[in-house]
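Remarks on the structure that follows.
Each reported figure results from applying straightforward, stated rules to the coordinates on display, with no laboratory input. Keep in mind that what you see is a predicted model, and the values were worked out from it rather than measured. No Cβ is skipped: glycine too gets one built from the backbone with ideal geometry, and neighbour counts run over all protein chains shown.
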Amino acid sequence: MQVFLVIALIFAMGIAVFAIQNPTAILFSFFLWEWRMPLVLVILGSAVVGVIFAMLLGVSKQISRRTEVSKAKQDVKQLERALAQKEDEFKKTKDKLDELQSQQQNVSGELKTVQLEKVPKFSEEQKKEM
């Protein structure tokens, strides 16, 4: 920003020196109107109009950037809400998975118990015969 200010000041000083060195009156025509005025005023007036035009362009760019930033912020909020919703869904799914795994372990344990109960029990005599 400071570099821009220094360049603008140097440019303004150059315009001022040029304008002071050209004080002659000229005939200035614009469409149907004509004026006689010093060249200094024409140069300075042109410079002022140029500065105003540049400022208007800068303001329009700022407005468009602010609009883009505002839209981007809205998009970020919407994406954050969607992310929070997906995280909630993930947590519910993970809890359900944990619950199902716990049930599976319980069923496996019960199945082993049932299988062990079905295993024939041999008496001591039968064990000796084997």
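Modelled this way, with points 7 Å down the Cα-to-C-beta line, the labels at residue 62 and residue 27 are 4.3 nm from one another. Three principal axis extents describe the C-alpha atoms of the range 1-114; from largest down they are 116, 35, 11 Å.
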